[in-house]
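Some notes on the structure that comes next.
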2 protein chains.
Amino acid sequence: MRTFSASRADVTIGREHTLTEQTVILRLGHRIPRDLRVTTHVCLTARAFGADGLILADVVDTALEKTILDVCERFGGNFWIRMGEPWRHVVKEWKSKGGEIVHLTAYGIPLPEAMGTIRASPNPKLVVVGAEKVPGEVFEAAIWNVAVTNQPISEVSALALFLDRYFEGKQFSLEFENAKLRIIPSAHGKKVVNLSERDN
Amino acid sequence: MRTFSASRADVTIGREHTLTEQTVILRLGHRIPRDLRVTTHVCLTARAFGADGLILADVVDTALEKTILDVCERFGGNFWIRMGEPWRHVVKEWKSKGGEIVHLTAYGIPLPEAMGTIRASPNPKLVVVGAEKVPGEVFEAAIWNVAVTNQPISEVSALALFLDRYFEGKQFSLEFENAKLRIIPSAHGKKVVNLSERDN
């Protein structure tokens, strides 16, 4: 049993997805196994807030993939995850196809200032979130370096706020196709409907 | 050198802080060392988005404390962290002093529906965020069980969205007193001013 794989830069999973997606997250600097939980939170936030998919740069983490695919299987939707491509390739390909790059960093321009021009551009967005240090090249490659506060926070909360503003709160009305489980909002307690049982 | 401590339920740090604070986070289910990084992200998000402090229930994690106090020392503000109190005591004390409890959970009422009544009440709020399973008692103790989407996400992004809506985006204009470092927003690159050097 592999609980996590060694780093491999030559493996790509789910490669059929390209720039037809509009909003994709690029996760940089993921270390195995140290970042498994935080990157899982990045993926789940990306999915629930309406991003199309996530590219994990440079490494393949099968434990991460298993967790995310399991959530997608149970809770539905078309969120995908791709792994192992060198980040420079991803960035280059994205730009060559007319996509634009947003980098979330505490050093950037405040989100409320940047959001107007980001939303005004109809081109697909690659939203880069790093773990710890991010190469200077990323700051240069990004059209927008965007700060969700100029304080140390978390790439998870930065991504949540970015997607909330970018999609204007659509996370509260998203429907996920082919879900097996659906949570029914409840004032006190847990209500979950098993849709796969209902259909049988 | 202790990089992290064993669990101790009888130690409290920074106990001078009580209900005079208006918005405090209660972190449940933290496991040492597994949750160090995610709880760090919870703390940093709480601080940057305007919460007064965080109570880590049941355990003392000195590695976490060191990280958070180091950020507070460098970036300023009055955010505090308290550790080791049994969560039932914290909840009981909070309620006995007229405070109210909000529990962030995917099973709850959608944030946009709940926020009106939460903001209408002037009483201090204890915002509970769990790691994985949360006891049923918490669902009962909370006046509001609130869902930031009814999807699996992350306590980090749930807290960010909750505080964003509760404080109406004040994270983008907060000033942190006595900061030694201040990040200057920049379109490309990193600009940091060392305020402690400037004063000398």
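Select from region A:164-200 the residues that are in a helix (DSSP H, G or I) and within 9 Å of another protein chain (Cβ to nearest Cβ) and write down the one among them that is most open to solvent (accessible area, probe 1.4 Å).
To start, the set of residues in region A:164-200 that are in a helix (DSSP H, G or I) comprises A:164-166, A:170-172, A:195-199.
Okay, now just the ones that are also within 9 Å of another protein chain (Cβ to nearest Cβ), so A:164, A:171-172.
Values: A:ASP164: 6, A:GLN171: 8, A:PHE172: 61 Å².
Only one residue tops the list, namely A:PHE172.
So, in region A:115-138, of the ones that are open to solvent by less than 10 Å² (accessible area, probe 1.4 Å) and part of a helix (DSSP H, G or I), which residue ends up nearest to the other protein chains (Cβ to nearest Cβ)?
First pass over region A:115-138, keeping only residues open to solvent by less than 10 Å² (accessible area, probe 1.4 Å): A:118, A:125-129, A:131, A:138.
Restricting the remaining residues to those that are part of a helix (DSSP H, G or I) gives A:118, A:138.
Numbers: A:ILE118: 13, A:VAL138: 10 Å.
Across region A:115-138, the extreme among qualifying residues is A:VAL138.
Looking at (1) more than 7 Å from chain A (Cβ to nearest Cβ); (2) of a type outside the set (A, V, I, L, M, F, W, C); (3) open to solvent by less than 50 Å² (accessible area, probe 1.4 Å); (4) touching a helix residue (DSSP H, G or I) at 6+ places or on another chain (Cβ under 6 Å), find the lone condition where B:THR149 falls short.
Just one mismatch for B:THR149, condition (1).
Quick one: is A:TRP144 away from chain B (no Cβ under 12 Å), modelled with pLDDT of 95 or more, crowded, with 19+ Cβ neighbours inside 10 Å and in contact with a strand residue (DSSP E or B) (Cβ under 6 Å, 6 or more places away or on another chain)? Before the answer, list the steps.
Working: away from chain B (no Cβ under 12 Å): no; modelled with pLDDT of 95 or more: yes; crowded, with 19+ Cβ neighbours inside 10 Å: yes; in contact with a strand residue (DSSP E or B) (Cβ under 6 Å, 6 or more places away or on another chain): yes.
Here the answer is no, as A:TRP144 does not meet what is asked.
Kindly provide the set of residues from region A:90-114 that are open to solvent by 20 Å² or more (accessible area, probe 1.4 Å) and of a type outside the set (A, V, I, L, M, F, W, C), ordered by number.
A:LYS92, A:GLU93, A:LYS95, A:SER96, A:LYS97, A:GLY98, A:GLU100, A:TYR107, A:PRO110, A:PRO112, A:GLU113
Okay, residues lined up against (1) at pLDDT below 95; (2) over 15 Å from the mean Cα position of the chain (by Cα); (3) open to solvent by less than 20 Å² (accessible area, probe 1.4 Å):
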{"position": "A:MET1", "(1), (2), (3)": "yes, yes, no"}
{"position": "A:THR12", "(1), (2), (3)": "yes, yes, no"}
{"position": "A:HIS17", "(1), (2), (3)": "yes, no, no"}
{"position": "A:THR23", "(1), (2), (3)": "no, no, yes"}
{"position": "A:LEU28", "(1), (2), (3)": "no, no, yes"}
{"position": "A:ILE32", "(1), (2), (3)": "no, yes, no"}
{"position": "A:ASP35", "(1), (2), (3)": "no, no, yes"}
{"position": "A:THR39", "(1), (2), (3)": "no, no, yes"}
{"position": "A:THR45", "(1), (2), (3)": "no, no, yes"}
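I'd like the full set of residues that are modelled with pLDDT of 95 or more and within 18 Å of B:ILE184 (Cα to Cα), limited to region A:116-133.
none
Looking at region B:66-86, which of its residues are under 12 Å from B:GLY53 (Cα atoms) and in a loop (DSSP other than H, G, I, E, B)? Step through it out loud before you land on a result.
The initial filter retains those residues of region B:66-86 that are under 12 Å from B:GLY53 (Cα atoms), namely B:68-69, B:72, B:77-83.
Residues satisfying the conditions are B:GLY77, B:ASN78, B:PHE79.
How do the pairs read when you match residues in region B:81-104 that are farther than 18 Å from B:GLY29 by Cβ and acidic (Asp, Glu) with residues anywhere that are open to solvent by 10 Å² or more (accessible area, probe 1.4 Å) and in a strand (DSSP E or B), using Cβ under 9 Å and keeping only pairs 6 or more apart or on different chains?
B:GLU100/B:TRP144
Mind counting the residues in region A:32-65 that are of a type in the set (A, V, I, L, M), within 20 Å of A:GLU175 (Cα to Cα) and either facing chain B (nearest Cβ under 10 Å) or in a strand (DSSP E or B) (or both)?
At the first step, the residues of region A:32-65 found to be of a type in the set (A, V, I, L, M) are A:32, A:36, A:38, A:42, A:44, A:46, A:48, A:51, A:54-57, A:59-60, A:63-64.
From what's left, within 20 Å of A:GLU175 (Cα to Cα): A:42, A:44, A:46, A:48, A:51, A:54.
Checking the rest, the ones that are also either facing chain B (nearest Cβ under 10 Å) or in a strand (DSSP E or B) (or both) come to A:42, A:44, A:46, A:48, A:54.
Counting residues in region A:32-65 that are of a type in the set (A, V, I, L, M), within 20 Å of A:GLU175 (Cα to Cα) and either facing chain B (nearest Cβ under 10 Å) or in a strand (DSSP E or B) (or both) gives 5.
The values are calculated or read from the model by the stated rules, or taken from the named source; none is laboratory data. If you're wondering where the values come from, they're calculated on a predicted model, not measured in any experiment. Cβ sites come from the backbone with ideal geometry, for glycine too, and all protein chains shown count toward neighbours. Side chains included, ligands, DNA and RNA excluded: accessible areas come from the protein's heavy atoms. Shrake-Rupley method; radii C 1.70, N 1.55, O 1.52, S 1.80 Å.
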